[in-house]
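Working notes for the structure below.
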Amino acid sequence: MKQTFTLFTAAFLMLIAFNAKAQDNKISDDASDDDGTIKLKSYISLSAGVSNPYGNFKKVDYTNMKSGFGKKGLVYAIDGAAYFYKNLGLGYTVSYQDQGNLSFEDDQIISSGYTNDFKADGSTVTADKRYRSINALLGPQYSLAWKALRFDFRASAGVIKSFATPQISVDITGVPEQAGTFIQQSSKAIAFAYGGSIAMRLSTGAGWGLFVKGNYINSDGPKLTTTGRTSTLGRTLTHQPITEGQLTLGLYKEFK
């Protein structure tokens with residue numbers, strides 16, 4: 001994942017070094033610099049879309065201590081940028097996403113894994129709560145303008161604030177060393193996150209417009225704790241890595 005972040009950063013630096021000839025077109029509805037290029041305006045937007053889990057976060061694998069059994073869900077976002085020098089600005093995103101709960105099939109996979117690891121007569125796994133979080137990201141943005149279109153490229157870093165992760169209760173049968181139920185508790189922790197995004201905006205006049213955005217976020221994820229364990233056998237997670245790819249559509253408003 002660090003390689004992906006490096007590629008985002010390298011692409012961003014290359015765009016800064018590139019002298020965008022596409023901005024040589026004037027638009028009557030926009031202010032222009034002395035050389036006739038479009039003067040970009042700061043903006044704010046509201047959007048909604050789909051958030052997809054990727055990597056270990058998506059995997060359904062009991063033996064992988066990083067697999068998260070994450071699901072596709074909805075995302076809602078406030079996004080924007082403030083330009084401080086020509087094409088260069090500071091972009092920000094605050095998004096809320098829901099990546100689902102464990103399914104019955106997921107419970108069965110985890111139950112089977114614990115039964116085998118403990119060499120138990122059986123085990124019962126019950127999952128409650130969902131992956132719910134807020135991402136707050138900030139970073140440099142470089143934008144190109146061509147007629148009524150704007151193309152935004154951003155590298156960003158910030159935090160993921162978890163409101164909940166699946167709470168998983170495990171009851172092992174026939175193993176005296178683990179007599180009681182142990183629980184992987186739902187987490188409300190905060191974790192560092194980084195990523196990048198590409199967006200296309202279409203100006204519809206009077207400072208309003210439509211946009212579509214692709215966003216990538218990666219994090220080592222929130223810290224997890226397990227209570228009630230009297231044996232170290234079986235799957236134990238201390239962090240839940242989170243990788244998300246989001247596609248959103250929305251409206252934006254420019255400011256002078």
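Pick from the range 107-147 the residues that are aromatic (Phe, Trp, Tyr) and assigned to a helix (DSSP H, G or I): which of them is farthest from the chain's Cα centre (by Cα)? Talk me through it step by step, then tell me what you get.
Taking the range 107-147 and keeping what is aromatic (Phe, Trp, Tyr), we get 114, 118, 131, 142, 146.
Then drop every residue that is not assigned to a helix (DSSP H, G or I), which leaves 114, 118.
Values: TYR114: 30, PHE118: 35 Å.
My answer is PHE118.
The set of residues in the range 176-210 that are buried (at least 21 other Cβ atoms within 10 Å of the Cβ), out of contact with any helix residue (DSSP H, G or I) (no Cβ under 9 Å at 6 or more places or on another chain) and outside any loop (DSSP other than H, G, I, E, B) comprises GLN184, ALA193, ALA199, ARG201, SER203. Number of residues in the range 79-106 that are modelled with pLDDT of 95 or more, assigned to a strand (DSSP E or B) and loosely packed, with under 15 Cβ neighbours inside 10 Å: the value is 1. Inside the range 234-256, residues that are in contact (Cβ under 8 Å) with a residue 40 or more places away in the chain, of a type outside the set (Phe, Trp, Tyr) and surrounded by fewer than 16 Cβ atoms within 10 Å (Cβ to Cβ) make up a count of 6.
Filtered by the rule that a residue be surrounded by 15 or more Cβ atoms within 10 Å (Cβ to Cβ) and not hydroxyl-bearing (Ser, Thr, Tyr), the range 114-133 gives ASP117, PHE118, ALA120, VAL125, ALA127, LYS129, ARG130, ARG132.
The numbered conditions (1) surrounded by fewer than 19 Cβ atoms within 10 Å (Cβ to Cβ); (2) modelled with pLDDT of 95 or more; (3) touching a strand residue (DSSP E or B) at 6+ places or on another chain (Cβ under 6 Å) are all true for PRO140 except (3).
Take the range 38-78 and flag every residue that is among the small types (Gly, Ala, Ser), part of a strand (DSSP E or B) and within 17 Å of GLY195 (Cα to Cα). Scanning the range 38-78 gives SER51, ALA77.
Would you check if ALA48 is at pLDDT 95 or above, over 19 Å from PRO222 (Cα atoms) and surrounded by fewer than 15 Cβ atoms within 10 Å (Cβ to Cβ)? It is true that ALA48 is at pLDDT 95 or above, over 19 Å from PRO222 (Cα atoms) and surrounded by fewer than 15 Cβ atoms within 10 Å (Cβ to Cβ).
The values are calculated or read from the model by the stated rules, or taken from the named source; none is laboratory data. Note that the coordinates shown come from a computational prediction; the quantities given were computed from them, not determined experimentally. Note that each Cβ is placed from the backbone with ideal geometry, even for glycine, and that neighbours are counted across all protein chains shown.
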